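K.L.:
Quick one: the structure is below, and I'll ask about it shortly.
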Ligand SMILES: Nc1nc2c(ncn2[C@@H]2O[C@H](COP(=O)(O)OP(=O)(O)O)[C@@H](O)[C@H]2O)c(=O)[nH]1
Ligand SMILES: [Mg+2]
């Protein structure tokens with residue numbers, strides 16, 4: 001399976017990263033790149049010891065994700081969270097769904113998908129999905145999911161005006177502009193393992209609304 005690179009954006013995931021890298025290497029026999037936002041714990045050392053290549057990017061989540069896609073040299077790039085929310089089993093299901101697709105979105109909101117997130121987080125992601133559906137008509141329902149398999153050559157020129165997690169709907173808009181074939185596959189979103197979420201509802205909520213405004217009726 002040499003046409004795949006796995007990209008894991010991280011900040012302070014020392015308690016989660018090593019077993020994930022090990023399990024991914026075992027399951028896929030593919031290079032794993034950790035794009036680290038200058039963790040203050042030993043995420044980088046643990047990732048390297050487990051067999052990942054580590055790159056530092058302090059420009060935020062969006063820049064890290066795009067760097068991962070650009071720096072890979074394989075046909076496919078799988079991006080997932082490194083905190084235990086996304087599982088290797090679901091990663092395999094995304095990989096198996098790639099035929100006839102340019103982008104496979106791991107979705108909490110299609111058949112077989114679900115989430116253990118707090119009721120508040122579930123409400124927020126559903127509200128976002130609904131708003132983007134009505135105002136931006138993106139090609140997937142779960143617009144904020146960060147669990148995705150990208151056909152790399154369609155995304156190397158993406159330059160979304162995004163810094164944080166709102167890069168997710170912005171990349172769906174890019175896929176739409178490119179007439180990419182988008183598939184949604186049900187995944188289960190688990191509570192994170194160790195450590196704390198970097199997501200801040202107010203700050204990132206505003207960023208999502210800004211993205212919605214830019215993508216309206218796109
Ligand atoms: N490189 C990088 N990774 C990030 C950044 N913010 C979050 N991450 C990683 O992105 C993934 C999702 O972030 P997380 O904090 O769990 O957000 P949540 O899942 O929405 O609560 C995790 O693997 C984080 O370590 C960032 O600014 N830069
Ligand atoms: Mg998380």
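Quick note: the coordinates plus some simple rules give every number you see, no bench work behind them. Small disclaimer: the values here were computed from a predicted structure and weren't measured. When we count neighbours, we look across all protein chains shown, and the Cβ atoms used for this are built from the backbone with ideal geometry, even at glycine.
K.L.:
Place a point 7 Å from Cα of residue 27 in the direction of its Cβ. Which residues in the stretch 146-185 have their backbone N less than 18 Å from it?
P.N.:
The answer is 146-151, 184-185, whose backbone nitrogens lie closer than 18 Å to the label point.
K.L.:
Students often check this: by mean Cβ neighbours within 10 Å, which of 53-61, 148-156 ranks highest, and how do the rest follow?
P.N.:
148-156, 53-61
K.L.:
Calculate how steeply helix 167-177 sits against the longest principal axis of the alpha-carbon atoms of the chain, using the helix alpha-carbon long axis, and give the answer as 0 to 90 degrees to the nearest 10.
P.N.:
On a 0 to 90 degree scale, this one is about 60.
K.L.:
Quick one, can you get me the convex hull of the C-alpha atoms of the chain expressed as volume per residue in Å³?
P.N.:
Normalising the Cα hull of the chain by residue number yields 106 Å³.
K.L.:
Just to confirm the number: angle between the C-alpha axis of helix 201-215 and the first principal axis of the chain, 0 to 90 degrees, nearest 10?
P.N.:
60
K.L.:
Another question, if that's okay. Relative contact order of the chain, please, whole-number percent, based on alpha carbon pairs below 8 angstrom and at least 6 residues apart.
P.N.:
Reported relative contact order: 24 percent.
K.L.:
Also: If one takes the longest principal axis of the Cα atoms in the chain, at what angle in degrees, from 0 to 90 and to the nearest 10, does the Cα axis of helix 61-71 lie?
P.N.:
70
K.L.:
With the alpha-carbon atoms as the only input, what is the per residue convex hull volume for the stretch 171-218 in Å³?
P.N.:
Once divided by residue count, the hull of the stretch 171-218 is 113 Å³.
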